[in-house]
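The values are calculated or read from the model by the stated rules, or taken from the named source; none is laboratory data. What you see is a predicted model; the values in this text were computed from it and never measured. Cβ atoms come from the backbone with ideal geometry, glycine included; neighbour counts cover every protein chain shown.
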Amino acid sequence: MSRIATSLVLVLTAAAGRASAEPKAVAPAAKSDCTLPAAALASKTGASESSGLDLSPSGHPFTHLVVDNPLGNVTVEGYDGVAIHIETRKHAPDDDTLERLRVSLIPSADGTVRITSTADGGREVRPVARGAVRVDLFIRAPRNAHVEAAASAGKLDIANLDAGGDLDTASGPISVCNVSGEVFTHSLTGATRLQQVFGSVDAQAVQADVDLDTITGERLVATVDRGSIAGRRVRSRTVQLTTTDGRIRLEAEVALHGRISAASLGGDVDVRLHRHGGVVVRAQGAKVDFGALGVPAVLADGWRQIALGAADAAAMVELRSQHGNVQFVIVE
Amino acid sequence: MTETLADALPPPAILAEPRSRVPAQLADDAELIAACRRGEARAMELLYHQFKRRVFGMAHRIVGASDAEEVAQEVFVRVFRGLANFRGDSQLSTWIYRLTVNASLSHLAKRGRRQEVGDDGIAELPAPPVAERDPGLASRIEAALAALPAGYRAILVLHDVEGLSHEECAAILECRVGTCKSQLHKARGKMRELLGPMGVVAPGANR
Amino acid sequence: MIRCEEIEPQLTAYLDGELEGPAGSVVRGHLRGCEACRAIATDEAALRDGLRALPAADVPASMWAGVQARLAAAEVADAERPSWRRAVARWTPSVRRLAPTFGAVGLAAAAAAALIVWRAHGRAEDAVAPAPPGVAITVPIPALSPDTALAPSDRTAPSFGGAAGVGGAHGSDPRLVAPSDDDVTADLAHEAARTSAAYAATADNLAAQLADVRSGWPADRRQQFDARLADLRIAVAGAGEGRGRQRALRAEIRYLQGALIRDEIASNDRVLAAPGRLR
């Protein structure tokens, strides 16, 4: 059995005064205009504290970053480096409560780094409402680290990453920008916004809007119960958008053999398509409007269908709304 | 103030151990912990006296006589300061013994190899006796224990010296019961190597 | 004939009375006939008894006073400790928790190390953050290896029960759904159950909307739907409270939406090749 002692070295270095509080210069991201929230200034009342921590790998590089912060915002930004930088801002009504807010950091030998925030309890503490305390985490991580992040009511922002992510909030908004790899997002009521995702996307929300801009991965799946889905510059080969009650608006390019499906129970479905080859469009709705494309054929099962261009390798577009209207437009 | 005769006399032996006003049934872990968290001096004393022998005993066997008190004191400081965060995931005793083992091992790591009994220590062990009875067995066992790698020493101290179950040992060392058992087997094997054939117990003379 | 090498690893368990039944008789039988193993066994028994009989060390009388003095000193240090040190104290325990006993003594099979550099900015109200001196603390961290099996002790989450009954609605405790006036720590403890309850309510609502639609389906379609929903609800009930249960509930919501909106009964992956990816 190996007798190699493993060790983690915690080194405290002299803080370089205020300068070290400045966010380090970020390597300019190619064709990215992702603007991440700046570290907010501490509130004037109560007690605040900020600290920074650099975690450098020795041996195995950091490949997975797992963040769970139920107490505030999480921002993860990829950069061209190997270390993980963590800025923590804590706020509480008083010093004693501030002491209860903890951020733990657990690096593992397999390249996973876990960052978790908690509020210590105990019988001796003065009770304080959840909303009165706050922990915000600003993290810079190696671009090729896969990010799993969870927040509750806080915002979750990730940008400039190459290995995808899995994001979860209860009510906080989710924002993803300039990310390659598979991206999963799920939220109960947090508005979800994904832009410049160069990988497959799976977004699910219960009562929130999902906004998609410039998605080029193989698959795009978005499901919302009560809320809308809006997509622009979508180039995924397979697109499936579903809402129970909420409008679906999509502006997309459809590839050869591509499949786009947009379906809602009560919301309108409005799709504008840039086509490069043949496309077969079927629609079902309270009212179906193919605009200038002409009068569709009516199929036996109630579908209205129109075929454009060569049937060979035609893309398939399927639009339906039980109680809402369906509109389809080709943008040449 | 007048000093009475009773005040001047040393306390009777039975009172030498500070007596707590905390009733015996309060020794229930949860209440004891709560009282300690409130900073009640009597409860803290009770907890100390409840665990001092084992804490000191474990530290003594793992780090040796000279540093045992220092380590044990440190353990109690960690216990009292850590009680606020003690979540009751494990038994109070398990948690305290875990702190003891961890504090002892990290003390050894800090102290470095220089003071650990190395090969010289083993060489000084008395030669294995040929006699049936071995009056020096206890001291030879202590010497061999001190020469053992610290991890093996910990499991031997917990299981064989302190008589804790494999389940308790596993909880303290935060490992699987199976790991615990195999470590104990290896540790005893190492001890037998260090002690040489003992030949103390003839077949049939088994107690 | 059983060889000695097979007996030797079992001796410890045998001597400690942990080998019962056939396994015990095998060892006993071997020991009767094998002098070498008997010698090892008697040595180990003597060793075990010798260890148990080691005289207890006397606790020094000065120890309690020493503990009290250290506690008092630590309290004074707390009061005088600058904010950066308090911040370190808040980082440090989590780092310390990483130290498993066996990792510390080198049973870990793989090695890993990381360098943490901590930068203090001080509190917002501090004009200039005090400069902490360079300090290096080395603590062991666990190396991931099946050999060590060092599961965190606080991994168990409270179970709030009542997720899904097959064919029935999700029973959710209304207390868990209501906003909590609790202290933040208690509130956090209820978070997972609260979030799950919100997902469960959404699933129940969709199932209610489907009830009418379902009654219009032919029997085989109803059967297929019921079976699939039952599977999904079993998955919900079987998942531990927390993200696992929420994931299972989201899968159920997806399926119900597919059935309600797209008439997809068999599965919700008519468009997508890999349903497993849908979480």
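Filtering the stretch A:215-230 to residues that are β-branched (V, I, T) and not in a strand (DSSP E or B) leaves only A:T216. Taken over the stretch C:246-266, the criterion of being among the polar types (S, T, N, Q) and within 7 Å of chain A (Cβ to nearest Cβ) is satisfied by C:Q257 alone. Where strands (runs of 3 or more DSSP E) fall wholly inside the stretch A:231-332, the ranges with 2 or more residues that are free of Cβ contacts under 8 Å to residues at least 24 places away in the same chain are A:238-245, A:248-254.
Take A:A153 and decide whether it is aliphatic (A, V, I, L, M), in a loop (DSSP other than H, G, I, E, B), surrounded by fewer than 24 Cβ atoms within 10 Å (Cβ to Cβ) and within 13 Å of chain C (Cβ to nearest Cβ). So A:A153 passes the test. Tell me, please, whether a residue that is modelled with pLDDT of 90 or more, touching a helix residue (DSSP H, G or I) at 6+ places or on another chain (Cβ under 7 Å) and among the β-branched types (V, I, T) can be found in the stretch C:177-197. Yes, the stretch C:177-197 contains at least one residue that is modelled with pLDDT of 90 or more, touching a helix residue (DSSP H, G or I) at 6+ places or on another chain (Cβ under 7 Å) and among the β-branched types (V, I, T).
Within the stretch C:35-42, not a single residue is at positive phi and either at pLDDT 85 or above or outside any helix (DSSP H, G or I) (or both).
Scanning the stretch C:9-56 for residues that are buried (at least 16 other Cβ atoms within 10 Å of the Cβ) and closer than 30 Å to B:Q73 by Cβ turns up C:G50, C:L51, C:L54. Any residue at all in the stretch A:105-112 that is within 11 Å of chain C (Cβ to nearest Cβ), on the phi < 0 side of the Ramachandran plot and of a type in the set (V, I, T)? So far as the stretch A:105-112 goes, yes, one or more of its residues are within 11 Å of chain C (Cβ to nearest Cβ), on the phi < 0 side of the Ramachandran plot and of a type in the set (V, I, T). Is it true that some residue in the stretch A:270-279 is more than 18 Å from C:L256 (Cβ to Cβ) and within 14 Å of chain C (Cβ to nearest Cβ)? Within the stretch A:270-279, none of the residues are more than 18 Å from C:L256 (Cβ to Cβ) and within 14 Å of chain C (Cβ to nearest Cβ). Quick one: in the stretch A:280-313, which of the residues that are surrounded by 12 or more Cβ atoms within 10 Å (Cβ to Cβ) and of a type outside the set (A, V, I, L, M, F, W, C) is modelled with the lowest pLDDT? Per the stated criteria, the residue is A:G309. Among the residues in the stretch C:200-213, are any out of contact with any helix residue (DSSP H, G or I) (no Cβ under 8 Å at 6 or more places or on another chain) and part of a loop (DSSP other than H, G, I, E, B)? No, the stretch C:200-213 has no match at all. Here the condition is being surrounded by 14 or more Cβ atoms within 10 Å (Cβ to Cβ), part of a loop (DSSP other than H, G, I, E, B), in the same structural domain as B:R188 (by TED's automatic domain parsing) and at pLDDT 75 or above; of B:L164, B:L158, B:L145, it holds for B:L164 alone.
Scanning the stretch B:156-189 for residues that are within 18 Å of C:P55 (Cα to Cα) and either within 8 Å of chain C (Cβ to nearest Cβ) or free of Cβ contacts under 8 Å to residues at least 40 places away in the same chain (or both) turns up B:L156, B:H159, B:D160, B:V161, B:G163.
The listed residues are B:R78, B:R53, and the only one of them that is in a helix (DSSP H, G or I) and either hydroxyl-bearing (S, T, Y) or more than 7 Å from every other protein chain (Cβ to nearest Cβ) (or both) turns out to be B:R78.
The set of residues in the stretch A:133-150 that are assigned to a strand (DSSP E or B) and either among the basic types (K, R) or touching a helix residue (DSSP H, G or I) at 6+ places or on another chain (Cβ under 8 Å) (or both) comprises A:R134, A:R140, A:A150.
For the stretch A:163-214, filtering for residues that are charged (D, E, K, R), over 20 Å from C:Q257 (Cβ atoms) and in a loop (DSSP other than H, G, I, E, B) leaves 1.
Quick check: anything in the stretch C:59-79 within 14 Å of chain A (Cβ to nearest Cβ), loosely packed, with under 14 Cβ neighbours inside 10 Å, at pLDDT below 75 and in a helix (DSSP H, G or I)? So far as the stretch C:59-79 goes, yes, one or more of its residues are within 14 Å of chain A (Cβ to nearest Cβ), loosely packed, with under 14 Cβ neighbours inside 10 Å, at pLDDT below 75 and in a helix (DSSP H, G or I).
Only one entry of C:D204, C:D212 meets the criterion of being more than 9 Å from chain A (Cβ to nearest Cβ), surrounded by fewer than 21 Cβ atoms within 10 Å (Cβ to Cβ) and at pLDDT below 90, and that entry is C:D212.
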